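Here is the structure we will look at.
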Amino acid sequence: MKLDSNSHIALQTLVGALLINPNGAEFFITGFHVTIGDLTEIMVGIEDAARVEGPSSIKWSSLKDWQIQLQEEK
């Protein structure tokens with residue numbers, strides 16, 4: 001399935017989703033924020049799924065080669 005690039009989704013819907021980087025490491029999305037100095041860049045809060053590393057943030061624009069798996073609603 002391909003998603004239309006003009007589709008919309010609320011960022012809050014992505015919280016809890018699993019991200020997989022090109023090396024196969026897995027992370028969960030914990031939230032989103034912007035830095036006041038650059039309101040054009042969305043930062044994604046992530047947490048290592050294996051709990052090896054602590055929480056961190058990554059730029060949304062750097063996730064283009066990552067996979068995302070949405071979690072089922074409960």
Every residue from the stretch 30-49 that is farther than 19 Å from V15 by Cβ and not hydroxyl-bearing (S, T, Y): I36, G37, D38, L39
Any residue in the stretch 1-14 that is under 17 Å from Q67 (Cβ atoms) sitting within a Cβ distance under 6 Å of a residue that is surrounded by 10 or more Cβ atoms within 10 Å (Cβ to Cβ)? List the pairs, counting only those 6 or more apart or interchain. L14/I29
What pairs come up if the first residue lies in the stretch 41-57 and is within 15 Å of A25 (Cα to Cα), the second is at pLDDT below 85 and not small (G, A, S), and their beta carbons are under 9 Å apart, counting only those six or more places apart or on different chains? E47/E53
Taking the stated definitions as given, is H33 touching a residue at least 24 places away in the same chain (Cβ under 8 Å) and out of contact with any Leu (no Cβ under 7 Å at 6 or more places or on another chain)? yes
When the stretch 10-64 is examined, which residues are found to be part of a strand (DSSP E or B) and of a type in the set (S, T, Y)? T30, T35, T40, S56, S57
Since P22 meets every condition but one in (1) open to solvent by less than 80 Å² (accessible area, probe 1.4 Å); (2) more than 11 Å from the chain's Cα centre (by Cα); (3) of a type outside the set (D, E), which condition does it not meet? (1)
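The values are calculated or read from the model by the stated rules, or taken from the named source; none is laboratory data. Computed from a predicted structure; not experimentally measured. Cβ: placed from backbone, ideal geometry, glycine included. Neighbour counts: every protein chain shown. Quick note on the areas: whole protein, heavy atoms, side chains included, nothing else; ligands and nucleic acids left out. Shrake-Rupley method; radii C 1.70, N 1.55, O 1.52, S 1.80 Å.
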